[in-house]
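Here is the structure we will look at.
Just so you know, all these numbers are worked out from the coordinates, no wet-lab data involved. Predicted, not measured: the structure shown is a model, and the values here were computed from it. Here the Cβ positions follow ideal geometry from the backbone for every residue, glycine too, while neighbour counts run over all protein chains shown.
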Amino acid sequence: MAAEFTVEASKLNEPFLHFMRTGRPLVTLKAAITLDGKISAPDDNQGWITSPRARAHVQELRHDHDAILTGIGTVLADDCLLTDRTLLARSRPLLRIVMDSQLRLPLDSKMARSSAGDLLVITTSASSADRRKLLEDRGIEVLVFDGPGGRADLHSAVEWLGRRRYLSLMIEAGSKINWSALESSSVDRIFFYYGPKILGGLEALPLAGGIGRRRRADAIDVHRITIHPIPPDEFAVEGYVHVHRDH
Ligand SMILES: NC(=O)c1ccc[n+]([C@@H]2O[C@H](COP(=O)([O-])OP(=O)(O)OC[C@H]3O[C@@H](n4cnc5c(N)ncnc54)[C@H](OP(=O)(O)O)[C@@H]3O)[C@@H](O)[C@H]2O)c1
C-alpha cells in the first residue's frame, strides 16, 4: 500500500533541514478533495471523499508529523480525534492543536475527552477566563495569540512550535483555516488527495474559503509538483508553495 509513496532518502531529512534554515516547522496543508475542489457537502457530511487506501496514507503522513492543527469548525462538524492511528512507535507524541478564538471546544468532544497532555488550544484574549480554566483543569493547554479579525493567530502558533522545536506541522482543517494558513504564508507544502467525485453547487465548501485572491495574476503559486497515483481512480498532488514572507 505504501509502495506508491516511497519516500526518497533526502525527503526524510526535509523537516529537519527546513527547521535549521527557518527556525519553523515544515508546514504541510493536507486535504481530501473532490475533483471539483470541494472538501465538504452542505447537508449530510457523512462518508468519505477518498478511499481507505488514500486514508491509510494520510495516517502515515500524520505519523511523520510532530503536530497536527485544525479549526474549531471542523471539531464541531466532525467531532474528530486527529490521532496517529498507525500503531507505529513515535519519537514524540503527536501534538494536536485546535484554533478556537472563543473557546467553543466542547468538553464532551472526542478531542477534549481524549486529551492526554497532547492537546493545545490557541485562542484570543477575548475568550472567557472561566472557560479557559475548565479546559486547563482537564489538562488541555491553552495559549493566547491574538490575530487579524479578532481570531486566533496561526502565524504565531507556527512560530511557537518552532521555539519548542517541533519540526513539522500538518494542517487538516476546513475552508476557513485553510485559507488563513495560505493567506498568512504559513504553508510550505501541500498534499491534496483527490477522490473521484464531483459535488458541485455553490454551498459545498471549497478547499480554501476567505476572500481568496481576486485576480488570476495574484494566485498563490505551487511548484515542484509530484503526482502520486492511488490506483484505481485516485491520486494525490504534492507540491511546494511559493512563500513570500514579509514577517
Ligand atoms: N475534506 C477535508 O480534507 C476536510 C478536512 C477538515 C475539515 N473538513 C470539513 O470542513 C468543514 C468545516 O469547515 P470550516 O471552515 O467551518 O472549519 P475550520 O476551518 O476547521 O474552522 C473554522 C473556524 O476556526 C476558527 N478560527 C480560529 N482561528 C482562525 C483563523 N486564524 N482563521 C480562520 N479561522 C479561525 C474560527 O472560529 P472562531 O472564530 O470561533 O475561532 C472559524 O470559524 C467541515 O464540514 C469538515 O468536515 C474537510
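Key figures for this structure:
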{"quantity": "Close pairs (7 angstrom Cβ cut-off, 6 or more residues apart or separate chains): aliphatic (A, V, I, L, M) in segment 64-92, away from the ligand (no atom under 16 Å from the Cβ) and in a helix (DSSP H, G or I) anywhere", "calculated": "LEU88/HIS63"}
{"quantity": "Members of segment 147-185 that are in contact with a Cys (Cβ under 9 Å, 6 or more places away or on another chain) and without any contact (Cβ under 8 Å) to a residue 40 or more places away in the chain", "calculated": "none"}
{"quantity": "Contacts under 7 angstrom Cβ, first residue in segment 18-43 being on the phi > 0 side of the Ramachandran plot, partner more than 9 Å from the ligand (Cβ to nearest atom), 6 or more apart", "calculated": "GLY23/GLY162; GLY37/PRO206"}
{"quantity": "Qualifying residue in segment 186-193 (condition: assigned to a loop (DSSP other than H, G, I, E, B) and within 14 Å of the ligand (Cβ to nearest atom))", "calculated": "yes"}
{"quantity": "Criterion (within 11 Å of the ligand (Cβ to nearest atom), within 30 Å of PHE235 (Cβ to Cβ) and in contact with a Pro (Cβ under 7 Å, 6 or more places away or on another chain)) met by exactly one of SER168, SER175", "calculated": "SER175"}
{"quantity": "Answer residue from segment 8-47, given it is part of a strand (DSSP E or B) and in contact with a His (Cβ under 8 Å, 6 or more places away or on another chain) and is farthest from the ligand (Cβ to nearest atom) among those", "calculated": "LEU26"}
{"quantity": "Among the residues listed as ASP79, ASP118, the single one being of a type in the set (Asp, Glu) and more than 16 Å from ALA157 (Cβ to Cβ)", "calculated": "ASP79"}
{"quantity": "All positions within segment 194-228 that are within 26 Å of ASP79 (Cβ to Cβ) and assigned to a strand (DSSP E or B)", "calculated": "TYR194, GLY195, LEU205, PRO206"}
{"quantity": "Restricting segment 198-212 to residues that are surrounded by fewer than 16 Cβ atoms within 10 Å (Cβ to Cβ) and farther than 18 Å from ARG151 by Cβ, the residue that is nearest to the ligand (Cβ to nearest atom)", "calculated": "GLU203"}
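Here's the yes/no breakdown for (1) among the aliphatic types (A, V, I, L, M); (2) within 20 Å of ASP218 (Cα to Cα):
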position: ILE140; (1), (2): yes, no
position: ALA152; (1), (2): yes, no
position: SER156; (1), (2): no, no
position: GLU159; (1), (2): no, no
position: LYS176; (1), (2): no, yes
position: TRP179; (1), (2): no, yes
position: SER184; (1), (2): no, yes
position: TYR193; (1), (2): no, no
position: PRO196; (1), (2): no, no
